[in-house]
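Since the structure comes first, as structure tokens, the remarks are kept for the end.
The values are calculated or read from the model by the stated rules, or taken from the named source; none is laboratory data. Computed from a predicted structure; not experimentally measured. Neighbour counts run over all protein chains shown; Cβ positions are idealised from the backbone, glycine included. The area values use the complete protein model at the heavy-atom level, side chains included, leaving out ligands, DNA and RNA. Shrake-Rupley method; radii C 1.70, N 1.55, O 1.52, S 1.80 Å.
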Amino acid sequence: LPTVLNSYSTGNVRGYTGVGGVVGMMYNGSVAGSYNLGTVQSSRAVSGGREPLNMGGVVGDTTEDTKANAVIYDVYNAGTIGDDDYEYYGRHVGGVVGRLSGTVEKAYNTGDIYNGYSTVGGIAGWWYSGNMTNVFNTGNITVRVDSSEENARTAGSQVGGIAGASSNEGRPKALKNAYNLGTIRSFAVTNSGYDKTLNSVGGIIGNVQGTNVTSITNVYTTNNLYAAT
């Protein structure tokens, strides 16, 4: 299987889908001993449609195919993800990986993350399947949902210090030895029909869907959490 080993990026990356500081899209294979220092951004404006876009500091996307099993080991991101004007967005955004199907071990994020929509985590945005072990986030995460758009009003946001949200589908998942020190915030731009209860914010996981997370062991977070309209 292909391996990206001992690689790094210091340049800025911007793309339309599957956007990553080191790897855009993985199915299987591995990334190890690698890091990103550059800014990672989407090219999809908030005023446009909300099609899926997966974006991460190291890996953008590892798909949702149940046979996929990417390995992300000994990596980190120190670059900023997103833009602090919130003009662009990703649907699933993570400090290390945007959408995870596989294993993340010995990984961390120190970069700040800004996003105009939906599911954002300090390590993984959308946790579809697999395990995360020995991971931490110290970057601040801020999400601003434009509640003037219909699907933003109904979908809300899911923001967490380690994972934005965990899927009830895919293989069982486990999280072990993890911590978050970053401030986690999610805001709505307006009150126009927006249900603020749909803002899910957590120090570790923003939204646990169903019972497919089998274990969470030895984790902790600070209490800097904000959800508001």
*asked:* Is it the case, given these coordinates, that residue 90 is at pLDDT 95 or above, surrounded by 22 or more Cβ atoms within 10 Å (Cβ to Cβ) and not in a strand (DSSP E or B)?
replied: no
*Select from segment 111-148 the residues that are open to solvent by less than 40 Å² (accessible area, probe 1.4 Å) and outside any strand (DSSP E or B) and write down the one among them that is modelled with the lowest pLDDT.*
147
*From the list 61, 74, pick out the single residue that is open to solvent by less than 40 Å² (accessible area, probe 1.4 Å), touching a strand residue (DSSP E or B) at 6+ places or on another chain (Cβ under 6 Å) and either acidic (Asp, Glu) or free of Cβ contacts under 8 Å to residues at least 12 places away in the same chain (or both).*
61
*asked:* Please verify whether residue 106 is open to solvent by 50 Å² or more (accessible area, probe 1.4 Å), among the basic types (Lys, Arg) and not in a strand (DSSP E or B), treating the condition exactly as stated.
replied: no
*Out of (1) open to solvent by 50 Å² or more (accessible area, probe 1.4 Å); (2) under 17 Å from the mean Cα position of the chain (by Cα); (3) modelled with pLDDT under 90, the odd one out for residue 35 is which?*
(3)
*Mind listing just one residue for me: the one in segment 188-212 that is of a type in the set (A, V, I, L, M, F, W, C) and at pLDDT 75 or above and, of those, farthest from residue 120 (Cα to Cα)?*
208
*Would you pick out the residues in segment 149-185 that are more than 15 Å from residue 100 (Cβ to Cβ), buried (at least 23 other Cβ atoms within 10 Å of the Cβ), polar (S, T, N, Q) and modelled with pLDDT of 90 or more?*
180
